[in-house]
Amino acid sequence: MSDIIFEVKDVHYSYLGKFPALSGVNMTIRSGEKIAVIGANGTGKSTLLQLLDGLIFPDRGRVTAFGERLLEHSQDNEKAAHRFRQRVGLVFQNADIQLFCPSVLEDIAFGPLQFGVAEDEVNRRILEVAEVLDIQHLLDRVPHQLSIGEKRRVAIASVLAIDPDVYLFDEPTAGLDPLTVRHIIDFIVNANQRGKTIITATHDLHIIGEIADTVYVFGWNKSIVSGGSSESVLNDRSLLETNNLIHMHRHHHDGREHVHPHLPLEPHD
Amino acid sequence: MSNPLHKKHHFIERSILSALAFLKDATTSEEYANRKGFLQSLDPRFKTISFFSFLVTAVSLKSAVLISFLYGFCLILVLLSSIPVRHFLVRTLLFIPLFSLFIVLPTVFSAMTPGDPVWSFHVAGITGIITRPGVDGAVLFVVRIATSVSLVVLLSLSTRHSELLKVLRLFGVPQIFVLTVSMCYRYLYLFATMVENIFTAIKSRVGVVSHQRHGQKVVAWNIANTWNRTTQMSEEVYMAMLSRGYTGEPRLLSKFHATPKDWLWLLCAIVICAFLFYRGHTL
């Protein structure tokens with residue numbers, strides 16, 4: 001189908017040829033979809049995003065993006081690489097990796113400049129994304145002096161300045177305070193409403209209802225063990241328990257101790 | 001009472017933590033560069049060229065009086081740039097000029113620099129004679145060092161480090177080199193923090209990184225661990241660069257904008273240097 005953006009077919013990937021990270025992953029992602037990839041630590045979520053971003057390539061199987069197979073040598077061609085990278089943006093889990101320039105302003109400008117965007121247009125985009133993410137006051141700051149939440153917003157801004165069709169988010173809310181989490185969720189929802197395709201790797205089940213319509217669950221076998229609507233997946237308690245995504249939660253209500261599984265959609269007394 | 005053995009045991013730990021603190025301070029001390037002041041308002045390219053001219057003048061002049069004039073001008077710039085004079089003097093006069101004074105001290109004596117005696121003394125049967133050319137030479141050397149150090153420190157205090165690195169492009173340094181140095185600089189802080197955290201973690205588990213032999217082992221282990229992490233991180237950073245369109249030829253923002261004020265400043269700098277050279281030649 002023409003609206004298919006990514007097709008992942010029987011993809012296997014291992015680090016150093018001996019540590020398996022993905023084993024037989026299949027998925028199809030269409031334009032404008034909001035997808036979440038959930039799973040415990042080490043189940044291959046980040047590896048999948050790097051494969052979709054053409055940063056690593058499968059040992060076996062194939063990844064097709066925008067109708068073309070993603071191959072290592074095709075990324076050696078500057079025009080082809082730029083064409084692909086202008087359409088797909090990855091927000092890394094570790095913002096310190098993504099923010100490698102000496103100032104916030106230069107980090108935001110880095111992407112557009114590599115694509116040959118004129119400096120005046122780059123400056124316009126910097127101001128625009130800074131306003132969207134409320135980081136105008138950080139533009140002249142040095143990245144290592146920022147808080148984790150500020151770094152994460154700047155990392156998103158550095159991708160937003162490219163204005164890609166597809167956003168790949170790797171654990172976008174990990175370790176953030178509730179207000180920053182709220183800002184990032186709002187950003188993701190707005191981007192999707194503007195027609196952007198969103199793929200988020202996370203194990204924060206509380207945000208999935210908002211940031212995803214479709215959820216894929218990665219299991220210990222480094223493959224997709226289940227997939228479906230966010231509601232159906234989040235209501236499947238045994239699936240979430242088996243894959244280490246929920247835990248028993250102990251707290252106090254009206255002076256008495258109360259134990260229940262930590263489910264994002266399930267109300268409790 | 002402090003135990004000298006105890007102090008010795010803490011030597012490695014204290015040395016590393018002090019080095020890390022210095023490194024972090026050096027990479028983050030942009031407090032003065034961010035203030036509103038005269039030098040901060042200048043285009044870094046013009047500022048660097050003018051300071052480079054001052055530096056060449058200070059090194060070339062053979063008159064301590066004229067170099068002192070340049071030093072006085074440097075102090076006026078400090079005042080105009082909202083940099084505390086005391087902080088500046090401590091930073092510039094304490095170590096390097098003092099050190100240079102010790103180096104140059106033997107040359108004031110007649111044994112090394114013959115000439116008219118200024119003062120003589122007897123210590124333990126040895127006669128020491130201080131000569132005029134010796135004193136003049138020593139004063140010139142120390143004043144020249146103090147002025148040169150002050151100029152360089154003032155430039156680095158009043159300019160953001162990232163901008164200073166970008167100015168390297170003026171001297172024909174390739175963009176890839178500027179980017180690499182900027183990135184090294186940016187990650188120094190991160191790795192300094194990482195090593196500091198490792199030490200804190202070790203302390204929290206074993207109390208102190210105390211015994212010298214044990215301390216050496218910890219340092220060696222730390223170096224290996226940091227090396228592994230830096231290698232891994234460099235690969236990840238490269239991926240992040242690729243992800244945003246990097247293909248081996250970096251393009252960076254050139255956000256410098258020269259104003260009439262910058263040109264006027266450059267003209268003043270040239271006039272001052274030319275005047276000092278002229279006076280130095282006619283003296």
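The table for this structure:
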read-out	value
Residues within segment A:209-222 that are surrounded by fewer than 21 Cβ atoms within 10 Å (Cβ to Cβ) and over 15 Å from residue A:29 (Cα atoms), tallied	5
Every residue from segment A:62-100 that is touching a strand residue (DSSP E or B) at 6+ places or on another chain (Cβ under 7 Å) and surrounded by fewer than 18 Cβ atoms within 10 Å (Cβ to Cβ)	A:62, A:64, A:66, A:69, A:87
Of all residues making up segment B:181-192, the number that are at the interface with chain A (Cβ under 8 Å from one of its Cβ atoms) and over 15 Å from residue A:107 (Cα atoms)	2
Residue, nearest to the other protein chains (Cβ to nearest Cβ), within segment A:42-94, restricted to residues that are over 23 Å from residue A:116 (Cβ atoms) and part of a helix (DSSP H, G or I)	A:50
Segment B:165-180 - residue that is surrounded by fewer than 17 Cβ atoms within 10 Å (Cβ to Cβ) and closer than 23 Å to residue B:50 by Cα and, of those, nearest to the other protein chains (Cβ to nearest Cβ)	B:175
In segment A:108-138, residue surrounded by the fewest Cβ atoms within 10 Å (Cβ to Cβ) [restricted to those that are of a type in the set (Asp, Glu) and either over 23 Å from the mean Cα position of the chain (by Cα) or at the interface with chain B (Cβ under 9 Å from one of its Cβ atoms) (or both)]	A:120
Residue among A:195, A:149 that is touching a Ser or Thr at 6+ places or on another chain (Cβ under 6 Å) and either within 16 Å of residue A:32 (Cα to Cα) or assigned to a helix (DSSP H, G or I) (or both)	A:149
Residue pairs meeting the criteria (Cβ under 6 Å; at least 6 apart or on separate chains; first surrounded by 15 or more Cβ atoms within 10 Å (Cβ to Cβ), in segment B:267-283; second of a type in the set (A, V, I, L, M))	B:276/B:66; B:280/B:61; B:280/B:66
Only listed residue being within 30 Å of residue B:41 (Cα to Cα), surrounded by 11 or more Cβ atoms within 10 Å (Cβ to Cβ), more than 14 Å from chain A (Cβ to nearest Cβ) and out of contact with any Cys (no Cβ under 7 Å at 6 or more places or on another chain), chosen from B:264, B:252	B:264
Boolean, residue A:231 is over 22 Å from residue A:47 (Cα atoms) and at pLDDT below 85	no
Unique match (being at pLDDT 95 or above, among the aliphatic types (A, V, I, L, M), within 16 Å of the chain's Cα centre (by Cα) and under 18 Å from residue A:234 (Cβ atoms)) among A:199, A:208	A:199
Tally of residues being within 14 Å of chain B (Cβ to nearest Cβ), of a type in the set (A, V, I, L, M, F, W, C) and at negative phi across segment A:12-41	1
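The values are calculated or read from the model by the stated rules, or taken from the named source; none is laboratory data. Quick caveat: nothing in here was measured; it's all calculated off a predicted structure. Counting neighbours? That spans all protein chains shown, and the Cβs are built from the backbone with ideal geometry, glycine included.
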